[in-house]
Amino acid sequence: MSTLVSLNNVVKRYQRGKQSVEVLHGVNLSIEQGEFLSLMGPSGSGKTTLLNLIAGLDQPTEGEVNVAGERIDKLSGGKLAKWRARHIGFVFQFYNLLPVLTAARNVEVPLLLTNLSGAQRKQNVRAVLELVGLADRATHKPSELSGGQQQRVSIARALVADPTLLVCDEPTGDLDRENAEEILKLLQTLNREQGKTIIMVTHDPLAADHASRTLHVDKGRLVDSPVRSAA
Amino acid sequence: MKYLMLIWAGLWRKKTRTILTMLSIVVAFLLFGLLQGINQGIKAGLGDTGNNRLWTTARMSAVSSMPASLMDRMQSIKGVRTITHLSFFGGYFQDAKNPLPAFATNVDKLAIVYPELNITPAQIAAMKSTRPGALIGRPLAKKYGWKVGDKIPVGTTIWTNIDGNNNWAFDVVGIFDPTPQFEKSPLGSAFWINYDYWDEARKFDNHRVHQFIVQIEDPKQAPVISAQIDKLSENSPDETRTQTENAALTSQLKQLADINFIANSIVGAVMFTLLFLTANTMMQSVRERIPELAVLKTLGFTGGTISVLVLIESLMLCLFAAALGLVLSAGAIKIVGSVLGPATLLPIVVITGLLIAVGLAIISGLPPALRAQRLNIVDALAGR
């Protein structure tokens, strides 16, 4: 397996008023292609910051971030946006669907940035909605869907442009156990059957059990050495 | 085009607010179209036709009289083609509440100077053969149901006749059909009587007229001829003031009110208010959608693309509503025009309106568009 993500001595500082707060202190991390990695840690530990840096939503203060063969810490805003569109699928805790669009339209949004025709976009949307089991809810708006269904739409949106890396920020944090389990199984299937590389931030040890590797973040550092577990 | 669904969805995110904002813009542009239509209509109504006609009145006041003999001297000026004159008879029909636009004139010359009145040779002949004759514009005849052969009693509070009373009577000898442009003008719906008959029959101010209308060969010579006419009576008790018909009408309108200034002031105030209203709507709309815009950025939309989407949304809102307002104003102008007189929605007004709408959209859409462009994804997603 090849390395898809590598972080070298990554430091992230935020300016809060006059105070500079260091959130990550020299993080080194390597993630292989096809891995399902979960990042665990208490609130404020820096795991979401780490995820944002890997997904190209934020830039490190120091250090290198290599993802899919690109030094993304060197990319400017516009280039980084285009890079995200090509390589990253993002799943949010609170789904973050556009409330005025139907499920199908929400899923279609990332494809607007591609050169696909309208018919091709519709075809891809239909395929990915079938993959997440929501083909029959295509014309429903988010307010007409349950939390679990909305998260499936969110996953479909993250998958539709066939990204290199699926980044999930507490994808089950807003769901009941039953729905959470379904979402985790879906992610696991995507990882195992389609070879999707997934990084998931979670508080939930049961959720982390679905990953192939779990890392712990505490006070801005990776505290445990990577331990492979049978997923 | 593929982004239309995003723009459309953003526009209708809060339907009530969008509809109310649109209505405000529609009303503003309806007002703009209507006022500018009336304004342009008046300007167009004045047209270029009056530039070869000069109006000579007494310098002291337009209602003061001048010696009729001045006409012969004016006729000798080079470049003068024909001269007619008119005197205000005024008067009323049956009751002082029904004033008449009655003027005494030399009808044969009037027909030459004002071809727009479409006075026929037969009507001129009828006036010549009937001294107390009256030639009436179709609109006035329609109003009172008069026809050729009727004897019209006309009262006046000014002109006492040689019999010592104020009761006059005129025989309708003809009804003329002015051009549409002249239909609503005082001359087009006037009650014309023979000057010679009236001058002999009135008790005072004889051999004097209130206005000369001088038809000239070349409109470019108007300033020179005007000066020459006024020079004829310089330093006399009957000094005159001569100007082109257009200038005189514009001046009269300005005495009534500066329509242009009023129209521009009202439209300016409305547009200024509208700018704040639309800007506020767009700002609020973008503020509410910050997390959604952050999601779009996360998905790979660049700041530039998002700011363009916001600007297009603002353009669609303003242009659609402005176009609707202008269409409605075209309908309103037809109704107002039938009551007030000349009014028309010229293409220049429509183009100006749409350009204003574009300006409004850009000015009101730019601040939220820039805000959307500069959005920090991490902060926006965290609700900071």
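The values are calculated or read from the model by the stated rules, or taken from the named source; none is laboratory data. Everything quoted here is computed from the prediction, not taken from an experiment. Note that each Cβ is placed from the backbone with ideal geometry, even for glycine, and that neighbours are counted across all protein chains shown.
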For B:Ala263, are the conditions met, namely being over 13 Å from B:Asn39 (Cβ atoms), at pLDDT below 90 and buried (at least 17 other Cβ atoms within 10 Å of the Cβ)? no
All but one of (1) more than 28 Å from A:Gly26 (Cβ to Cβ); (2) in contact (Cβ under 8 Å) with a residue 60 or more places away in the chain; (3) not in a loop (DSSP other than H, G, I, E, B) hold for A:His210; which doesn't? (3)
Every residue from region B:278-317 that is surrounded by fewer than 21 Cβ atoms within 10 Å (Cβ to Cβ), within 48 Å of the chain's Cα centre (by Cα) and at pLDDT 90 or above: B:Gly304, B:Thr305, B:Val308, B:Leu309, B:Ile312, B:Leu315, B:Met316
Pair list, Cβ under 9 Å, 6 or more apart: region B:301-321 residue more than 13 Å from chain A (Cβ to nearest Cβ), other residue of a type in the set (Lys, Arg) and in a helix (DSSP H, G or I): B:Val310/B:Arg371
Give the number of residues within region A:72-91 that are within 10 Å of chain B (Cβ to nearest Cβ) and closer than 17 Å to A:Lys196 by Cα. 7
List, please: which pairs have Cβ atoms under 7 Å, are six or more places apart or on different chains, and start with a residue in region B:1-24 that is within 10 Å of chain A (Cβ to nearest Cβ) and end with one that is assigned to a helix (DSSP H, G or I) and among the β-branched types (Val, Ile, Thr)? B:Leu11/B:Thr18; B:Trp12/B:Thr18
Restricting attention to strands (runs of 3 or more DSSP E) lying wholly within region A:1-75, give those where 1 or more residues are within 20 Å of A:His216 (Cα to Cα) and β-branched (Val, Ile, Thr). A:3-16, A:19-32, A:62-67
So which of A:Gly69, A:Gly46, A:Gly56 ends up being more than 12 Å from chain B (Cβ to nearest Cβ) and either surrounded by 22 or more Cβ atoms within 10 Å (Cβ to Cβ) or modelled with pLDDT of 90 or more (or both)? A:Gly46
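Assess whether B:Gly325 counts as being in the same structural domain as B:Phe29 (by TED's automatic domain parsing) and surrounded by fewer than 16 Cβ atoms within 10 Å (Cβ to Cβ).
So B:Gly325 does not fit the description; no.
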Filter region A:105-157 for residues that are within 14 Å of chain B (Cβ to nearest Cβ) and among the basic types (Lys, Arg) and give the result. A:Arg105, A:Arg121, A:Lys122, A:Lys141, A:Arg157
Would you pick out the residues in region B:106-131 that are out of contact with any Asp or Glu (no Cβ under 6 Å at 6 or more places or on another chain), over 24 Å from B:Asp218 (Cα atoms) and not small (Gly, Ala, Ser)? B:Thr120, B:Pro121, B:Gln123, B:Met127, B:Lys128, B:Arg131
Just to be sure before I move on: is B:Ala102 closer than 28 Å to B:Thr240 by Cβ, surrounded by 17 or more Cβ atoms within 10 Å (Cβ to Cβ), assigned by TED's automatic domain parsing to the domain that holds B:Trp168 and not β-branched (Val, Ile, Thr) in the structure I sent? yes
So, restricting to helices (runs of 4 or more DSSP H) that lie completely within region B:99-197, which ones have at least 2 residues that are more than 22 Å from B:Gln215 (Cα to Cα) and over 26 Å from the mean Cα position of the chain (by Cα)? B:121-129
If I filter region B:266-304 down to residues being touching a Pro at 6+ places or on another chain (Cβ under 9 Å) and of a type in the set (Gly, Ala, Ser), which single residue comes out as farthest from B:Asn39 (Cα to Cα)? B:Gly300
Enumeration of residues in region A:70-124 that are over 26 Å from A:Met200 (Cβ atoms), polar (S, T, N, Q) and touching a helix residue (DSSP H, G or I) at 6+ places or on another chain (Cβ under 6 Å): none
State the number of residues belonging to region B:275-290 that are in a helix (DSSP H, G or I), within 14 Å of chain A (Cβ to nearest Cβ) and out of contact with any helix residue (DSSP H, G or I) (no Cβ under 6 Å at 6 or more places or on another chain). 2
Give the residues of region A:1-37 that are surrounded by 16 or more Cβ atoms within 10 Å (Cβ to Cβ) and acidic (Asp, Glu), sorted by residue number. A:Glu35
Region A:14-31, residues that are touching a residue at least 24 places away in the same chain (Cβ under 8 Å) and over 17 Å from A:Leu51 (Cβ atoms): A:Glu22, A:Gly26
All but one of (1) over 28 Å from B:Gln181 (Cα atoms); (2) small (Gly, Ala, Ser); (3) surrounded by fewer than 16 Cβ atoms within 10 Å (Cβ to Cβ) hold for B:Gly79, so report the exception by its number. (1)
Check off (1) surrounded by fewer than 23 Cβ atoms within 10 Å (Cβ to Cβ); (2) in contact with a helix residue (DSSP H, G or I) (Cβ under 6 Å, 6 or more places away or on another chain) for A:Gly63 and give me the number that stays unchecked. (2)
Note on region B:225-238: residues charged (D, E, K, R) and either in contact with an Asp or Glu (Cβ under 7 Å, 6 or more places away or on another chain) or part of a helix (DSSP H, G or I) (or both) are B:Asp230, B:Lys231
